[in-house]
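Worksheet for the structure shown next.
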């Protein structure tokens, strides 16, 4: 039997495979300083598939090798079974946000994403990946960036005049969300609006390049 795990935290491992070896060729496929890869045929044990991507195990690994014998199974401790398949949804930092509508709809339910977005005013950018056109927006109302982006998840256009003609499915398939600039909560709203206009001018989103009015 082969059990496949990937490391997701310092001592946490995610189950990704449990298979039965159907033919062992009794030779190495390759070998490196950190792994040994054997050559064999396998068959996935489907009765365990419901746990793939959901079962998290705790294990303190000593040494460099990632291939372990069956005698180490008792060293693994079940930490949790996730309600849904694991996704690496850690917030990457405001300057690294660049997500699709579909990903954003999921991320806005993530506790960490909700916390960081609702505590910052900001200037954001919507990009139409099909046409290349952009929309610059400002978030300074209730729940700041979180509240503003929830509007787009709710109806696609977020109340923006030039986006309303688009079918909701078009926005779901073609729009991406990026943060251009952030401000602390105490920042005056007028300053945020001023910066929004500045970005519109820089990116020329009021002309043929974008969807701003």
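Only the coordinates and a few stated rules stand behind these numbers; no lab work does. Just so we're clear, the structure is a prediction, and the values are computed from it rather than from any experiment. Cβ placement follows ideal geometry from the backbone for every residue including glycine, while neighbour counts extend to all protein chains displayed.
List of remarks:
- Residue ID - surrounded by the fewest Cβ atoms within 10 Å (Cβ to Cβ), chosen from residues in the stretch 74-102 that are within 22 Å of residue 49 (Cα to Cα) and touching a residue at least 40 places away in the same chain (Cβ under 8 Å): 88
- Residues in the stretch 171-196 that are surrounded by 15 or more Cβ atoms within 10 Å (Cβ to Cβ) and free of Cβ contacts under 8 Å to residues at least 40 places away in the same chain: 0 in all.
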